[in-house]
Structures are given as structure tokens and as C-alpha cells.
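The values are calculated or read from the model by the stated rules, or taken from the named source; none is laboratory data. Quick caveat: nothing in here was measured; it's all calculated off a predicted structure. Backbone-built Cβ (ideal geometry, glycine too); neighbour counts: all protein chains shown.
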Number of protein chains: 4
Amino acid sequence: MTLNIKVWNEYLHETRGDAVVVANYPDGIHAVVAEGLRENLGDGASVTTATLQDPEHGLSDEELDGTDVLFWWGHIAHDQVSDEVAQRVVDHVHAGMGLVVLHSGHYSKPFKKLMGTTCSLKWRNDGERELVWTVLPGHPIAEGVPHPIQIAKQEMYGEFFDIPVPDEEIFLSTFAGGEVFRSGVAYHRGLGRVFYFSPGDQEYPVYHHPDIRRVLSNAAQWAAPRGPRRALTADQHPLGWFES
Amino acid sequence: MTLNIKVWNEYLHETRGDAVVVANYPDGIHAVVAEGLRENLGDGASVTTATLQDPEHGLSDEELDGTDVLFWWGHIAHDQVSDEVAQRVVDHVHAGMGLVVLHSGHYSKPFKKLMGTTCSLKWRNDGERELVWTVLPGHPIAEGVPHPIQIAKQEMYGEFFDIPVPDEEIFLSTFAGGEVFRSGVAYHRGLGRVFYFSPGDQEYPVYHHPDIRRVLSNAAQWAAPRGPRRALTADQHPLGWFES
Amino acid sequence: MTLNIKVWNEYLHETRGDAVVVANYPDGIHAVVAEGLRENLGDGASVTTATLQDPEHGLSDEELDGTDVLFWWGHIAHDQVSDEVAQRVVDHVHAGMGLVVLHSGHYSKPFKKLMGTTCSLKWRNDGERELVWTVLPGHPIAEGVPHPIQIAKQEMYGEFFDIPVPDEEIFLSTFAGGEVFRSGVAYHRGLGRVFYFSPGDQEYPVYHHPDIRRVLSNAAQWAAPRGPRRALTADQHPLGWFES
Amino acid sequence: MTLNIKVWNEYLHETRGDAVVVANYPDGIHAVVAEGLRENLGDGASVTTATLQDPEHGLSDEELDGTDVLFWWGHIAHDQVSDEVAQRVVDHVHAGMGLVVLHSGHYSKPFKKLMGTTCSLKWRNDGERELVWTVLPGHPIAEGVPHPIQIAKQEMYGEFFDIPVPDEEIFLSTFAGGEVFRSGVAYHRGLGRVFYFSPGDQEYPVYHHPDIRRVLSNAAQWAAPRGPRRALTADQHPLGWFES
């Protein structure tokens, strides 16, 4: 059974001529993330991409119906994502679609709607060392992941990270400056599952890192739906309705 | 230190001449809930009320600033609550205000925004027996509560209840028809705390029940803020910012 | 990759001539549980059995080394399980083995050691209806399971069930008498995973029920190890030990 | 209502003439922990101490009956604590007593029995900087605690820490070497509550640190019992037993 994955990217940093960003991601962050997923999942996955610039941001109901797991990368254009599309993504998660939110996507519309919190955090961009430690080693997203993952240079994201208490806390990161961050956390929302993973930034080649790619591939498999997509609604039931 | 509690009610069922509702709550559900809180908390609490009909629904920033814990009862007029006021309530919870959401308030705007799910459920109004069982007996909201609380007649709310996995699951209800419901669940959201409690309906005198009043009084104390109210924002920090 | 499953049973009720038990489980409860697993998992699993009467209860280190997931059914002979074997099972769970504990196994030595609580509960054996409701529908153990599972006759297990707060609460049961029970709960312990599932008793043919078999098959797959078995120990580490 | 707190210490490091330890804790670690609790809780608490050397380690049933919250510090003599006393402490926690386990107490008999895991961890004693970050700021144990607490010199405790997934994760620590540790975690066990807090060691004056004292005082109040102590047992119940 093939896993249908779509990698979404606002795709703005990469098209503005910033040499560092272009060097890391000449065809866009989405291309590199997709490449990593294809590399690890092989025939098990069909990986497509979509960007902010596509009609309906490439996220029509038809497209989302055919998506098992959606990856989301956004940073400077969260408010350019239409409310309608953001709500559509949320609705599909509630109905069973998996969602993997990356790095600065913590402030994206779909993630904030799904969390119910401000999703604010502390940050500093000094290109410092990040170590990603596994604290739930039996979890499928941690399978085959070294302890810790070592990232030479990365933007610091630090606590307090205003998210709900995670259903599953898998990774904690530390930074050279001494901060800590809940960097890999998972949630159930309706019939769907959400994984947030902070490592990854336009200025650093983090999505080329084989361990990071391992995490993202594991996350895709973990977030895959466990049944048919369906909307949850409040229903009236007669006495004994379950006696079929 | 006095706990400032405000009980909010849409206050519509009670003013439409329905004899059953009027018999249970002649001055409104809010009046009865407030009475129970005053009875149990005495000088420890200052309890006020507000309704949909008040200017800004009685929930101006000034009023919320002075509220430690807000109780919320709504049913048929969720969409008459202005988006601005709903967001304001959410903002105050994020900044530290406690919120206790009652029964049909599962579909209120503030609760849905804080949960990030559809909050849908199954229901049947047959006036059947509800038993409320404690499954976290060391929790302060369960203090002094019998096991089970017995409610002679109540509307059935049943699973699947589309809420996030509770941070603290305190009560589970069963109904004569065989259904189960996670009827008392607690969440952290930002600096604030949220408790949802399903027993209570306009057609049944549940808010006069001494055990239900005990739960609501315990919940008010549990949801009280633990520090000054303050907004959480994403902040940039220089290296070593914490070294003061 | 084949999943190696071992179904353990104290195997005493079935050999004492109780006509009801023999009618349900002529070759032992373990045989019927194993049959259900084989039926659902086919070539994906190799299912063996072991009983209290076997040397070392059939649970030598060698046997456990070759076991991915162990099922445990016991009732009247918990104290006949040697402390050494009980600790060995616990050690294997810590090191990565999956464990599925059934019904009266809540009082088994391995389960109590892994939980750290008394595991006490309320009970009544009146052959009453049990309904098993799914409260985490996106969880793999709930895949393909009806809502609710209906069991015509079963022993009642009721709250308060003295277990730790579950990491994942998947099923809640109600009984005709009005009680509720957290009947399907999951835990991480070390590198291993533990699932407790209460439906199933020697006096009722519950392990022939196709929906119950579905749950147990799902649980076997969920509890499978995610990496090599290894003991966790407290280690001293020099500065920078992770910089390889 | 006075909170009865007992601080237990194996009291061996301090009596062996180690100049560093004696300088930090001339009358024993227990004396300094008790002093901090008295300082913060004043008339609200009655604080006593007990040590390994006392008859029954100072933890007779009678003593524990009169104890609301027990603090536990041990390191080199875990195996000198009698199994009987260790089980007695566990039984009292199950029945409602609060327990606060400090630093190297992660390997104490009562803590391991209550957790059901190996409680192993990584460590290095280089006297390095520890920062203790709050990740559940609305929690009562975090009240009045700076973000982060800064400890100039401390032994490193690092992940993976083999504990069950915490019911409430309140503090995360980072170390100068780059490691992370879940340093303040809380659990329900039966009717009792358990808080583990890692900062504090015989070689460093951490229990004199006002912020650490604040955490311990908050923890004592949080862990206080919410009702009378009582043993939980498996009970048979007739149909309708709850209808009094």
C-alpha cells in the first residue's frame, strides 16, 4: 500500500536571491524534504509537492483527499495562506489526514488552530549547535535515530514553547547557548495525527542531514491514517442504537 | 485571598417560558451555579454573573482582567457570541485565567478554539440515569466527591467525544443506555487551565445537586491562576539572556 | 518480517473439569487466543504457547529472547509464578519486548511490577453485557474495531482501577450494572510496550469473539519492538561523549 | 491545617569526613532540606527528619501514618534500606501519602517500585552549570520559580532517563556539556502523588539555593493528600452496590 505524501512549502525565501538559502535549497526546501522521503521510503511512498503560489495553494479538497500525510513548511507568509485553505487542512486532519509541521510552521494557521495555544517560543539565530535527544526510545518515530542527533549549525528555538502538553514527547533539543526545546512532539486531533519537528531552517542545510531525514520518514509512516477519512459530527442516537 | 469567579450564561432557555426550565432555573442557570459556588466557597470567593445580553456579553477586557475563573454555559446561541469576545476569552485563558466549561458549552466558540478539535459527541435526551465515576481519586477536583455521583435524570452525552487527549482525566460517566463519556477532563492552555464538565442541562435540576456543586467548587479552586496574567509572545533572545 | 508471539497461560481452570470452562476453551485459553492471532496475522506471525507447568514456565531467557510480544493470562495461580521468572519477563519488557496482559492478569506479578500500583479493581461475575467503546479512534490498536464492541456476557470489572494514568487510553467499557472500566490501556516501559485489555474470562467465550481477536491482533503489532533488545543501565559519560 | 513533612536521608556521605560534603551539609542534607521547607512554609508545615540509622529507618507505620509528605534522599546505601520499609513507604504512597524523591534517590527502592522501570540514566560529575527550565508554567510546583533556575555547579544527569512517561512534566534541565534531563516530573500512584526532582547533590550546595527551596516547598504542598489515607483493594460488588 503506497503512502501518499505531499510536501507543502511557502517557497519564498528560496526565490529571493539569498545566496545562503539558494545554496542549501536551490529548488526549494520542499524539494529537499521530498527527496529525503523518497530516498528512505522508496516504493512505499508517492511524494508530491505544492506551494503557496499554486491555485488554492495546491491544497484543494481533491488534492487533500488524495493525501495521507501532509508536510508543512512556512515562515514569512503565514498570513498569505487563505483562511479557507487553512481550515480545509484542519478539517482533513480531523477527518484522518496526517500532518507533519516543520520548524517555523509552529506559527502557521493550521498548526495554531489544531493546538489551541499561541505556539509562541524563544529564538535566536546564531548558527549554534543543536543536539536532539530521544526521550521515548520505543516510539516508532525514534526508530533508527542516533542519541543524540547532532546538528552543527541551527537556529535556536527555546522554551517556553506554548503548546498543549504533548500526547507523545519524543525528542528534546539542547542548544549551545544552554536552552532546551521540546523539538519532536505528537498529538492526536480527531481521527488524524500531528507531529511537530523543529530542526530545519532555510539558512542551514538541516534537511539534507540523514538523521533528520530518518525522523521525517518515520513520522510520515506514523502519521498515516488508520482508516477511511470521515467527518466527525455531533449525532443524536436513539436508545440502543448500537445494537445492530 | 479571594477568588474572583464569573459565571457566564447565554440565558435564553430560561426566558422563553419553558415550564420545565423555569421550574429548575427561575433566575437562570447562572444564578444556580453561582449560588452553589457561594455556598461552598463562602468568603473565599467573590462570584458574579454575566450573560449574552450584557454589553460585550459582560466580558470586556476590564471584566476579564478582574476574573480569576470564568464558568461558561451556552447551548442554542453559540453563534451569537461575537468572535471578538470569544477570542478575548481565549486570550485571557492563554494569559492565565481559569475556564470551566459546562455541558453544551462543548460547542462554544472559546472551547473549540482552545481544544483545536470539532468537540462533537453523541447525544440523546431521554432523562436517563447518569453515574459519574472518579478515575483520578488523588486529584483536587475529586476531593470529597462520592464514587459514583448519581444523577437520576440527565441528557446522555456519549463517546466518541472529539476532544484532545485530556491532560488529566478525572471523571467518566455511564448512562442507563450503556454509553460512556469522558465527563470531567482538564487541560493546560498557555498559563491558564481549562476544565470541562458535562453534567448539567437546562431540563434537569443537576446544578442543584450537592455533589455536582462540590465538583464545580473544587474546579474553581483548581483553575485559579498561579501567577500574574501575562501574554506569551515569541521573543528573540541574545546568547546568555538568562544570565542576569 | 515475522512477528514472534508467545501466548502464556497458567492453564489451570481448563484442566479441572469445570464444564463451562471446558466448553469454551477445551484446549486452554492460550490455544484460542493463539488461534485468533494466527487467523488475523497469517504469515506475518509465528505464534507459540507456554504454560505455568512448563519448565521455567516456558519462559527461559532463551525463549524470551526469541519472543517479540508476550501475551499473559493468569488468574488463580499468580503466586505460583516464580519471582525469578516474573522479574525476567519485566527485564525483557524493559529491554524492548512487547507485553499484552489479559483480564485477570491485572494481578499478575509482571504487570504489578511494571505498573508500580496495586492494580486493584471492583468486580462482579453476573454474566452481564459489556460494551467496549473506542476513545482514541486514530490509534492502531483500534483499527477496524466497531464502536462499541458488544459482548453479551462477561464478568464486570469496574473503577476505581488502580493503575498509573495510561500513556494511551484506547478503550472504555461499560457494564449493564452501570459501572465503567478503562479496559484497553497502553504504556511505555523502558524500550518495551505494554497493553492491558480486560475483556476475556474463563467462563465466557470472549476470546472467540472476532472483534476481540481484532483488538488482540492489532495489539500484537503495536507492541512489537522497534529496535534490538538491550538493557538500559546508568552509565557515566565523559564530556562530549556524543561527539563521535 | 498543618502539613506534616518528614525529610529522610541515608546520612552517610556527611559523616565520613569528606571536607566538601561537610562544608555544604555539616548537619546532613536532611537538615538543610528541612530548613528550606520551614523557611518557606512557616507555620503551615511541621517538618521532622529521619535517617537510615534510626530504628526501622525512622519510618515505622506509626511515623508514616503521621506523615503527609515524605522527602527522600539516598545515594550509596539504597540496598541498606530494608525491603520491608521500602514496601511500607510504597504502601503509604498508594494509600495517599505524598513522596518527593531527590536526585540520586532515582535508584532508591521505593522510587523504582513505584515507577516500574529501571530508572537508569547517564551521569558525569564535573561540577558543570545546570539550567532548570519550566515547561508547564501554570503548574503549582512552578509557582514563583525563575525561568531558568541557574545552578552554577552540579552533577550532570542526562537522558535517556528510564522512567514512565510523566503525568506532569514541569522542569527540563540542560547542562554545560549539552545534555538534557527531565528534572522535575510528577506522577499519580494510587491515591498518592510522587514528584521527582534531580537538582541537588552532596558535593554541591544546591539545597541552599533559594529557587531550589521554592520548588521543594511548592512540591510539598502539591503532594499533600486530598483525603483520608486508605488502602485500595479489589472488592466484589453486588449489582447496584452504589445505590445507597
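On the given criteria, is D:D79 surrounded by fewer than 22 Cβ atoms within 10 Å (Cβ to Cβ), more than 12 Å from every other protein chain (Cβ to nearest Cβ) and within 16 Å of the chain's Cα centre (by Cα)? Give the steps one after another, and end with the answer.
Details: surrounded by fewer than 22 Cβ atoms within 10 Å (Cβ to Cβ): yes; more than 12 Å from every other protein chain (Cβ to nearest Cβ): yes; within 16 Å of the chain's Cα centre (by Cα): no.
Against the criterion (surrounded by fewer than 22 Cβ atoms within 10 Å (Cβ to Cβ), more than 12 Å from every other protein chain (Cβ to nearest Cβ) and within 16 Å of the chain's Cα centre (by Cα)), D:D79 does not qualify.
Among the candidates A:L232, A:L216, A:L191, single out the residue that is of a type outside the set (V, I, T) and modelled with pLDDT under 95. Working first, answer last.
Working: A:L216 fails: modelled with pLDDT under 95; A:L191 fails: modelled with pLDDT under 95.
Only one candidate qualifies: A:L232.
Residue check, D:A186 against (1) within 15 Å of the chain's Cα centre (by Cα); (2) away from chain C (no Cβ under 14 Å), all met but one. Which one?
Of (1) within 15 Å of the chain's Cα centre (by Cα); (2) away from chain C (no Cβ under 14 Å), only one is false for D:A186: (2).
Got at least one residue in segment A:146-153 being within 14 Å of chain C (Cβ to nearest Cβ) and within 30 Å of B:V93 (Cα to Cα)? Walk me through it before giving the result.
Residues of segment A:146-153 that are within 14 Å of chain C (Cβ to nearest Cβ), as a first pass: A:146-152.
Checking which are within 30 Å of B:V93 (Cα to Cα) leaves us with none.
Within segment A:146-153, none of the residues are within 14 Å of chain C (Cβ to nearest Cβ) and within 30 Å of B:V93 (Cα to Cα).
Condition (residue is at pLDDT 95 or above and at positive phi) applied to segment A:62-83: is it met by at least one residue?
no
When you go through D:N24, D:N9 one by one, which is the residue that is over 20 Å from D:R193 (Cβ atoms), polar (S, T, N, Q) and surrounded by 22 or more Cβ atoms within 10 Å (Cβ to Cβ)?
Values: D:N24 fails: surrounded by 22 or more Cβ atoms within 10 Å (Cβ to Cβ).
Testing whether each residue is over 20 Å from D:R193 (Cβ atoms), polar (S, T, N, Q) and surrounded by 22 or more Cβ atoms within 10 Å (Cβ to Cβ) leaves just D:N9.
What about A:R193, is it surrounded by fewer than 21 Cβ atoms within 10 Å (Cβ to Cβ) and out of contact with any Leu (no Cβ under 6 Å at 6 or more places or on another chain)? Can you show your working first?
Values: surrounded by fewer than 21 Cβ atoms within 10 Å (Cβ to Cβ): no; out of contact with any Leu (no Cβ under 6 Å at 6 or more places or on another chain): yes.
Judged against the criteria, A:R193 is not a match.
Given the conditions (1) more than 27 Å from D:A86 (Cβ to Cβ); (2) away from chain D (no Cβ under 14 Å), and given that C:R124 satisfies all but one, which numbered condition is not satisfied?
(2)
Counting only residues that are touching a residue at least 40 places away in the same chain (Cβ under 8 Å) and touching a Gly at 6+ places or on another chain (Cβ under 8 Å), which one in segment C:154-169 is nearest to the other protein chains (Cβ to nearest Cβ)?
C:D162
Closer than 16 Å to B:I29 by Cα and basic (K, R) - does that describe any residue in segment B:202-214?
Taking segment B:202-214 as the starting set, the residues that turn out to be closer than 16 Å to B:I29 by Cα are B:202-210, B:212-213.
The next check asks that each one be basic (K, R); those that pass are B:213.
Yes, segment B:202-214 contains a residue that is closer than 16 Å to B:I29 by Cα and basic (K, R).
Got at least one residue in segment B:204-217 being surrounded by fewer than 21 Cβ atoms within 10 Å (Cβ to Cβ), of a type outside the set (F, W, Y), farther than 25 Å from B:S183 by Cβ and in contact (Cβ under 8 Å) with a residue 60 or more places away in the chain?
no
Using beta carbons and a limit of 8 Å, which pairs, at least six apart or on different chains, have the first residue in segment B:87-98 and over 9 Å from B:A231 (Cβ atoms) and the second one assigned to a loop (DSSP other than H, G, I, E, B) and of a type in the set (V, I, T)?
Hits for this filter: B:H92/B:T67; B:M97/B:T67.
For the structure I just gave you, tell me whether D:W72 is part of a strand (DSSP E or B), buried (at least 21 other Cβ atoms within 10 Å of the Cβ) and either within 12 Å of chain C (Cβ to nearest Cβ) or within 13 Å of the chain's Cα centre (by Cα) (or both).
Numbers: part of a strand (DSSP E or B): yes; buried (at least 21 other Cβ atoms within 10 Å of the Cβ): yes; either within 12 Å of chain C (Cβ to nearest Cβ) or within 13 Å of the chain's Cα centre (by Cα) (or both): yes.
Yes, satisfied.
Looking at segment D:52-65, can you tell me whether even one residue there is away from chain C (no Cβ under 14 Å), touching a residue at least 60 places away in the same chain (Cβ under 8 Å), crowded, with 20+ Cβ neighbours inside 10 Å and not in a helix (DSSP H, G or I)? Talk me through it step by step, then tell me what you get.
So the first thing to find is which residues in segment D:52-65 are away from chain C (no Cβ under 14 Å), and the list is D:52-65.
If we keep only those that are touching a residue at least 60 places away in the same chain (Cβ under 8 Å) too, we end up with D:65.
This time we only want the ones that are crowded, with 20+ Cβ neighbours inside 10 Å, so: none.
Taking every residue of segment D:52-65 in turn, none turns out to be away from chain C (no Cβ under 14 Å), touching a residue at least 60 places away in the same chain (Cβ under 8 Å), crowded, with 20+ Cβ neighbours inside 10 Å and not in a helix (DSSP H, G or I).
Residue check: is B:L114 under 22 Å from B:A223 (Cα atoms) and within 14 Å of chain A (Cβ to nearest Cβ)? Walk me through how you get there before you give the answer.
Values: under 22 Å from B:A223 (Cα atoms): yes; within 14 Å of chain A (Cβ to nearest Cβ): yes.
The answer is yes for B:L114.
Kindly indicate the residue of segment B:37-51 that is among the hydroxyl-bearing types (S, T, Y) and surrounded by 17 or more Cβ atoms within 10 Å (Cβ to Cβ) and also nearest to B:V81 (Cα to Cα) among those meeting that condition. Can you show your working first?
Here is the first cut: in segment B:37-51, the residues among the hydroxyl-bearing types (S, T, Y) are B:46, B:48-49, B:51.
Still in the running and surrounded by 17 or more Cβ atoms within 10 Å (Cβ to Cβ): B:49, B:51.
Values: B:T49: 16, B:T51: 10 Å.
Looking at residues that are among the hydroxyl-bearing types (S, T, Y) and surrounded by 17 or more Cβ atoms within 10 Å (Cβ to Cβ), I get B:T51.
Which numbered condition in (1) surrounded by fewer than 18 Cβ atoms within 10 Å (Cβ to Cβ); (2) in a helix (DSSP H, G or I) is the only one that B:A34 fails?
Every condition holds for B:A34 apart from (1).
Among the β-branched types (V, I, T), within 27 Å of D:Q236 (Cα to Cα) and facing chain D (nearest Cβ under 8 Å): is that true of C:V194 in this structure?
Details: among the β-branched types (V, I, T): yes; within 27 Å of D:Q236 (Cα to Cα): yes; facing chain D (nearest Cβ under 8 Å): no.
Against the criterion (among the β-branched types (V, I, T), within 27 Å of D:Q236 (Cα to Cα) and facing chain D (nearest Cβ under 8 Å)), C:V194 does not qualify.
For (1) modelled with pLDDT of 95 or more; (2) more than 13 Å from D:A220 (Cα to Cα), each residue gets a yes or a no:
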site: D:L12; (1), (2): yes, yes
site: D:R16; (1), (2): no, yes
site: D:V22; (1), (2): yes, yes
site: D:P26; (1), (2): yes, yes
site: D:V32; (1), (2): yes, yes
site: D:G36; (1), (2): yes, no
site: D:L41; (1), (2): yes, no
site: D:S60; (1), (2): yes, yes
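Anything in segment C:199-244 that is small (G, A, S) and either assigned to a loop (DSSP other than H, G, I, E, B) or within 14 Å of chain D (Cβ to nearest Cβ) (or both)? List them, or say none. Can you show your working first?
Of segment C:199-244, the ones small (G, A, S) are C:200, C:217, C:219-220, C:223-224, C:227, C:231, C:234, C:240, C:244.
Across segment C:199-244, the qualifying residues are C:G200, C:A224, C:G227, C:A231, C:A234, C:G240, C:S244.
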